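Written below as structure tokens is the structure these notes are about.
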Amino acid sequence: MTTATAGGISFALTDEQKALRELAREFARREIRPRAAEYDERSTHPADVIAMSHELGLLNPHIPAEYGGLELSGFDGALIGEELAWGCSGMATSIVANGLGVAPLLVAGTDEQKRRFVAPLVDEPILCSFALTEPNAGSDVSGIQTTAVRRGDDYVLNGSKMFITNAGHAAWLVVFASTDKSKGRRGLSAFVVPSDLDGVVVERHLDKMGQRATDTSAIAFQDVRVPAANRLGEEGEGFKIAMRTLDFTRPGTAAGAVGVAQAAYEHAVSYAKERVQFGQPIAMNQGVNFLIADMATEIEAARQLVWRSAWLKDQGREYGLAAAQAKLFASEVSSRATNAGIQVHGGYGYVEEYKVERYLRDAKLTEIGEGTSQIQRLVIARQILGLRVV
């Protein structure tokens, strides 16, 4: 009789990954959670937490080693992102949004641009932003109205951006603007725009429903002269760069959604064991324990989708479809799980004291940011059916 040996897929984390995950969890427990309620209530930009995350190597872990970074894998980044969001999704977004800001340079920047803009992030807790969305151009990127007109060795930018994470505190932004409006999305180009250039104006900080511990701002560009040396790629490659960036960051966004759901689930389990009704813990009631069973199952399924998409990315394989599936499923699971967490808590879940109402507010953004659920479904359907983007 022969004994079969299991091979192929492994769901076990390495010792290094376990240690990294625990480092991020402990940081979230010690530094993030004690500040979460206050920072949420006051919409506080978590500069202190960002600085501490930088010291620990949890800010910008993806920067390549040749530019001084740790060059951690996408899978490692997903582990970190989930734990930070478990602590507070708003603060986690403030930290991991640098990955979105830097990604266009990693996918399309020259060596000189990377040394000029990316390398300094290793030495200081510098923030950067990804500026794509506009007041009238969200999912419809072809509707971007911001323009960049060539003037000698510069481009002159005019326009505005909306819902830009960390824009009010960023040292620079990657701005997408039209260099040829007659070409629609094929006329978009990408530029690194230092925030201290004349004409860069933070118009207002937005007061949000959730993830209030991260800055989201409206920003305008009024005759801003940007050196042509700051353009990423060639003119007209902006749309391609933006789409590659969003593929690049979706596993991390999905991981954050899982972290919020996990936090709500843990609170629900704890409360269900402690809360007594009709002479027994409510965990004994089928109406409650079925909610918890569904939460646990969906969260684990979402986590596996996140891990798979990050693994494919690290293997250098096609991961766009998997990333969209992970983002879609994890974000919707996060909303369902946090809603269920409130239901388990009953009336107490509806008051701030019990935290779970904040988790629901935070989770909702994961269904909107970096591509709505409807856009994810469009991305998935196009790839499965081989539909061409028009």
Scan the stretch 309-332 and report the pairs whose first residue is under 11 Å from residue 252 (Cβ atoms) and at pLDDT 95 or above and whose second residue is in a loop (DSSP other than H, G, I, E, B) and charged (D, E, K, R), with Cβ atoms within less than 9 Å and a gap of 6+ or a chain change.
327/370
Residue pairs, Cβ under 8 Å, 6 or more apart or interchain, first in the stretch 22-45 and touching a residue at least 12 places away in the same chain (Cβ under 8 Å) and open to solvent by 70 Å² or more (accessible area, probe 1.4 Å), second in a helix (DSSP H, G or I) and not basic (Lys, Arg). List them.
29/87; 41/352
Cross-chain or 6+ apart pairs with Cβ under 8 Å, the stretch 281-292 first and more than 12 Å from residue 270 (Cβ to Cβ), then open to solvent by less than 40 Å² (accessible area, probe 1.4 Å) and part of a helix (DSSP H, G or I):
288/272; 288/282; 288/344; 289/272; 289/283; 291/268; 291/340; 291/344
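Table: residues versus (1) open to solvent by 10 Å² or more (accessible area, probe 1.4 Å); (2) under 30 Å from residue 44 (Cα atoms); (3) modelled with pLDDT of 95 or more; (4) more than 22 Å from the chain's Cα centre (by Cα).
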position	(1), (2), (3), (4)
142	yes, no, no, yes
147	yes, no, yes, yes
160	yes, yes, yes, no
182	yes, no, no, yes
201	yes, yes, yes, yes
With a cut-off of at least 2 residues that are under 26 Å from residue 183 (Cα atoms) and of a type in the set (Lys, Arg), name the strands (runs of 3 or more DSSP E) lying wholly within the stretch 71-168.
147-151
The stretch 302-331, residues that are in a loop (DSSP other than H, G, I, E, B) and out of contact with any Ser or Thr (no Cβ under 9 Å at 6 or more places or on another chain):
315, 316, 317, 318
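Hey, could you check the stretch 56-70 for residues that are in contact (Cβ under 8 Å) with a residue 24 or more places away in the chain and part of a helix (DSSP H, G or I) and say which is surrounded by the most Cβ atoms within 10 Å (Cβ to Cβ)? Walk me through it before giving the result.
Residues of the stretch 56-70 in contact (Cβ under 8 Å) with a residue 24 or more places away in the chain: 56, 58-60, 62-64, 67-69.
Keeping just the survivors that are part of a helix (DSSP H, G or I) gives 56, 67.
Numbers: 56: 14, 67: 20.
Here the residue is 67.
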Among the residues listed as 73, 94, 43, the single one being farther than 20 Å from residue 259 by Cα and of a type in the set (S, T, N, Q):
43
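The values are calculated or read from the model by the stated rules, or taken from the named source; none is laboratory data. Just so it is clear, the model here is predicted, and its values are computed rather than measured. Cβ sites come from the backbone with ideal geometry, for glycine too, and all protein chains shown count toward neighbours. These area figures cover heavy atoms from the full protein model, side chains too; ligands, DNA and RNA do not enter into them. Shrake-Rupley method; radii C 1.70, N 1.55, O 1.52, S 1.80 Å.
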